[in-house]
Amino acid sequence: MRPVANVTVYIDRTNYLTTTDAEGNYEIKDLPPGKWTIKAKSDELGSDEFTATLTAGESEDIGTLTLKK
């Protein structure tokens with residue numbers, strides 16, 4: 001695995017959207033607490049999605065996304 005820049009990361013059925021930086025990192029701020037489906041997409045590398053549950057007042061490190069075609 002290697003970090004990938006410019007991957008689109010978004011929360012399904014919302015307007016929350018960002019892209020990964022040169023090290024493959026991303027951050028989505030101000031997402032309300034709840035259960036969310038997070039999706040990542042790259043035209044060249046494919047996509048991935050997973051579900052995360054966020055608690056009020058806390059940050060969540062959701063780990064590594066693995067893009068698959």
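The values are calculated or read from the model by the stated rules, or taken from the named source; none is laboratory data. The model shown is predicted, which means the values in this text are computed figures rather than measured ones. Note that each Cβ is placed from the backbone with ideal geometry, even for glycine, and that neighbours are counted across all protein chains shown. Just so you know, the surface numbers come from the protein's heavy atoms only, side chains and all, with ligands and any DNA or RNA stripped out. Shrake-Rupley method; radii C 1.70, N 1.55, O 1.52, S 1.80 Å.
Taking the highest mean first, how do the peptides 38-44, 15-21, 54-60 order by number of other beta carbon atoms within 10 angstrom per residue?
Values: 38-44: 15.4, 15-21: 13.1, 54-60: 9.4.
Order by mean packing, descending: 38-44, 15-21, 54-60.
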**Q.** Debye-sum result for the chain in log10 I(q)/I(0), which assumes one identical scatterer on each alpha carbon, at q = 0.11, 0.12, 0.20, 0.21 Å⁻¹
**A.** -0.25, -0.29, -0.81, -0.89
Q. What accessible area per residue comes out for the chain, rounded to a whole number of Å², with a 1.4 Å probe?
A. 75
Q: Counting only C-alpha contacts under 8 Å and six or more residues apart, can you give the relative contact order of the chain as a whole percent?
A: 26
Q: Report in % the part of the accessible area of the chain that belongs to carbon and sulfur, leaving out ligands and nucleic acids; probe 1.4 Å.
A: 44
